[in-house]
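Quick notes on the structure that follows.
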Amino acid sequence: MRKADIAAFFDRLAETNPAPKGELEFVNPYTLLVAVVLSAQATDVGVNKATKPLFAVADTPEKMLDLGEERLRDYIKTIGLFNTKAKNVIALSHQLVEEHGGEVPRDRAALEKLPGVGRKTANVVLNIAYGEPTIAVDTHIFRVSNRTGLAPGKTPLEVEKKLEKIVPEDRKQHAHHWLILHGRYVCKARRPDCAVCVVEPYCSYKAKTTAN
């Protein structure tokens, strides 16, 4: 995609949604971290249903440790892989208390050392909690980047690196959310809704759909 088209691509997304936000509910950086860890292979809606009562009683690593793994499992048992996720949440809470004074570090390397936290989760926390211009490449961003020709790549990391290079500086803060929301609601996996797509003029997808 040409540089001018990339700029126009993000201008269109910005016009449609000037202040995009993630759909996971949280109250502080710690609860955001926990929510993102729980969201792996789960829907944001499902995670929010489980975390609303959970965060009412455990919104810090100390409170989560007091809650304990068994009671935590009861709160998140409707979420896929809840046993493994419960172990990770308790383990990362221990690590936050022991190594970071109970605070979520504003550092990618430190975040990635936490149990259950990979590069994508670290990028989400840095972007949403701390306002860093990071781009967490999930399945939606990976699909949109490849399908449109915006930033094609064979791996999420390759796509992330390309996006870091091509996204205009003044758009990097919100690029993550624009692309996720676009992939979730317009450029959908099975059938993209090209007829209502605001960036369709800049998209190189050959099998564009038409309105029914």
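Evaluated against (1) crowded, with 18+ Cβ neighbours inside 10 Å; (2) among the hydrophobic types (A, V, I, L, M, F, W, C); (3) without any contact (Cβ under 8 Å) to a residue 24 or more places away in the chain, V57 falls short on exactly one condition, (1).
Quick check on the range 106-120: of everything there that is under 14 Å from the mean Cα position of the chain (by Cα) and more than 15 Å from K87 (Cα to Cα), which residue is surrounded by the most Cβ atoms within 10 Å (Cβ to Cβ)? Please lay out each step first, then the result.
So the first thing to find is which residues in the range 106-120 are under 14 Å from the mean Cα position of the chain (by Cα), and the list is 117-120.
Applying the additional criterion that residues be more than 15 Å from K87 (Cα to Cα) yields 118-120.
Values: G118: 14, R119: 16, K120: 19.
Among those that are under 14 Å from the mean Cα position of the chain (by Cα) and more than 15 Å from K87 (Cα to Cα), it is K120.
Scanning the range 69-93 for residues that are open to solvent by less than 20 Å² (accessible area, probe 1.4 Å) and not hydrophobic (A, V, I, L, M, F, W, C) turns up K85, S93. With respect to (1) more than 14 Å from the chain's Cα centre (by Cα); (2) under 28 Å from V186 (Cα atoms); (3) not charged (D, E, K, R), the lone exception for A42 is condition (1).
Taking the stated definitions as given, is T139 open to solvent by 60 Å² or more (accessible area, probe 1.4 Å), touching a residue at least 12 places away in the same chain (Cβ under 8 Å) and of a type in the set (S, T, N, Q)? Show your work before the answer.
On the way: open to solvent by 60 Å² or more (accessible area, probe 1.4 Å): yes; touching a residue at least 12 places away in the same chain (Cβ under 8 Å): yes; of a type in the set (S, T, N, Q): yes.
In short, yes.
For the structure I just gave you, tell me whether E158 is surrounded by 14 or more Cβ atoms within 10 Å (Cβ to Cβ) and either part of a loop (DSSP other than H, G, I, E, B) or out of contact with any strand residue (DSSP E or B) (no Cβ under 7 Å at 6 or more places or on another chain) (or both).
Values: surrounded by 14 or more Cβ atoms within 10 Å (Cβ to Cβ): yes; either part of a loop (DSSP other than H, G, I, E, B) or out of contact with any strand residue (DSSP E or B) (no Cβ under 7 Å at 6 or more places or on another chain) (or both): yes.
Criteria met by E158.
Among the residues of the range 1-34, just one is of a type in the set (A, V, I, L, M), open to solvent by 40 Å² or more (accessible area, probe 1.4 Å) and touching a Ser or Thr at 6+ places or on another chain (Cβ under 8 Å), namely M1. Would you call P61 over 17 Å from the mean Cα position of the chain (by Cα) and farther than 24 Å from Q41 by Cα? It is false that P61 is over 17 Å from the mean Cα position of the chain (by Cα) and farther than 24 Å from Q41 by Cα. In this structure, V159 qualifies as touching a Gly at 6+ places or on another chain (Cβ under 6 Å) and of a type in the set (V, I, T). None of P152, P133, P105 is part of a loop (DSSP other than H, G, I, E, B) and closer than 30 Å to D66 by Cα except P105.
For the range 161-175, the set of residues classified as out of contact with any Pro (no Cβ under 6 Å at 6 or more places or on another chain) and assigned to a helix (DSSP H, G or I) consists of K161, K162, L163, E164, K165, I166, E169, D170, R171, A175, listed by residue number. L126 falls short of the stated requirement of being open to solvent by less than 40 Å² (accessible area, probe 1.4 Å), touching a residue at least 24 places away in the same chain (Cβ under 8 Å) and closer than 22 Å to V47 by Cα. Of A35, A4, all but one fail to be under 16 Å from I90 (Cα atoms), in a helix (DSSP H, G or I) and without any contact (Cβ under 8 Å) to a residue 24 or more places away in the chain; the exception is A35.
The values are calculated or read from the model by the stated rules, or taken from the named source; none is laboratory data. As the structure is a computational prediction, the values presented were derived from the model and not from experiment. All Cβ positions, glycine included, derive from the backbone under ideal geometry; neighbour counts span all protein chains shown. For accessibility, only protein heavy atoms count, side chains too; no ligands or nucleic acids. Shrake-Rupley method; radii C 1.70, N 1.55, O 1.52, S 1.80 Å.
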